[in-house]
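Please read the structure below before turning to the comments.
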Amino acid sequence: MRAEGGILAACSKRFALAGFSTVPTPVAGDIALVLAPALVRHGKVISVHAGAICVTATLRAVVTPDAGLVISSSLPTVKAWTL
């Protein structure tokens with residue numbers, strides 16, 4: 001993904017090819033790239049880009065290796081797409 005400019009550029013390219021378009025305000029059923037907490041190092045939470053499904057206009061669902069399915073309104077949306 002680094003060769004493509006990172007995960008955001010890679011997702012944008014692939015979703016555009018699949019017919020998705022970006023949306024400023026996602027709704028239920030849209031997909032998004034969010035910042036999700038992934039691990040703790042030296043007492044600090046480290047967030048990473050993660051794929052999410054928009055459950056509502058504010059709720060995002062992600063699957064994490066340690067907590068399983070997480071549905072939260074506190075995951076910052078980096079970019080969202082719709083069909």
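Counting just the residues of the stretch 72-83 that are among the hydrophobic types (A, V, I, L, M, F, W, C) and outside any loop (DSSP other than H, G, I, E, B), which one comes out farthest from residue 12 (Cα to Cα)? First the steps, then the outcome.
If we filter the stretch 72-83 for residues that are among the hydrophobic types (A, V, I, L, M, F, W, C), which is where we start, we get 75, 78, 80-81, 83.
Pick out the ones that are also outside any loop (DSSP other than H, G, I, E, B) and you get 78, 80-81.
Values: 78: 11, 80: 9, 81: 9 Å.
It comes out as 78.
For the stretch 28-59, give me the residue count where each residue is charged (D, E, K, R) and farther than 21 Å from residue 9 by Cβ.
Within the stretch 28-59, residues that are charged (D, E, K, R) and farther than 21 Å from residue 9 by Cβ number 2.
Give the residue that is surrounded by the most Cβ atoms within 10 Å (Cβ to Cβ), with candidates limited to residues of the stretch 19-29 that are part of a loop (DSSP other than H, G, I, E, B) and among the hydrophobic types (A, V, I, L, M, F, W, C).
Looking at residues that are part of a loop (DSSP other than H, G, I, E, B) and among the hydrophobic types (A, V, I, L, M, F, W, C), I get 20.
Would you point out the residue of the stretch 53-71, among those that are in contact (Cβ under 8 Å) with a residue 24 or more places away in the chain and in a strand (DSSP E or B), that is surrounded by the most Cβ atoms within 10 Å (Cβ to Cβ)?
60
Based on this model, can you work out whether residue 34 counts as in contact with a His (Cβ under 9 Å, 6 or more places away or on another chain) and either surrounded by 12 or more Cβ atoms within 10 Å (Cβ to Cβ) or assigned to a loop (DSSP other than H, G, I, E, B) (or both)?
Yes.
List pairs: first residue in the stretch 1-30 and within 25 Å of residue 72 (Cβ to Cβ), second residue charged (D, E, K, R) and in a helix (DSSP H, G or I) anywhere in the structure, Cβ distance under 9 angstrom, at least six positions apart or on different chains.
10/4; 20/14
I'd like the full set of residues that are of a type in the set (S, T, N, Q) and under 14 Å from the mean Cα position of the chain (by Cα), limited to the stretch 18-55.
Result: 22, 25, 47.
Collect the residues in the stretch 37-52 that are out of contact with any Leu (no Cβ under 8 Å at 6 or more places or on another chain), assigned to a strand (DSSP E or B) and either surrounded by 13 or more Cβ atoms within 10 Å (Cβ to Cβ) or at positive phi (or both), keeping them in residue-number order.
Selection gives 37, 38.
Looking at 53, 71, which is the one that is closer than 25 Å to residue 4 by Cβ and of a type in the set (Val, Ile, Thr)?
Result: 53 is the single residue among 53, 71 that is closer than 25 Å to residue 4 by Cβ and of a type in the set (Val, Ile, Thr).
For the list (1) surrounded by fewer than 11 Cβ atoms within 10 Å (Cβ to Cβ); (2) among the hydrophobic types (A, V, I, L, M, F, W, C); (3) in a helix (DSSP H, G or I), I need the number of the one condition that residue 16 fails.
With (1) surrounded by fewer than 11 Cβ atoms within 10 Å (Cβ to Cβ); (2) among the hydrophobic types (A, V, I, L, M, F, W, C); (3) in a helix (DSSP H, G or I) applied to residue 16, the lone miss is (1).
Readers should treat all values here as calculations from the given coordinates under stated rules, not as data from a laboratory. In this text the structure is predicted, and so the values were computed from the model without any measurement. Here Cβ is always computed from backbone atoms with ideal geometry, including for glycine, and neighbour counts include all displayed protein chains.
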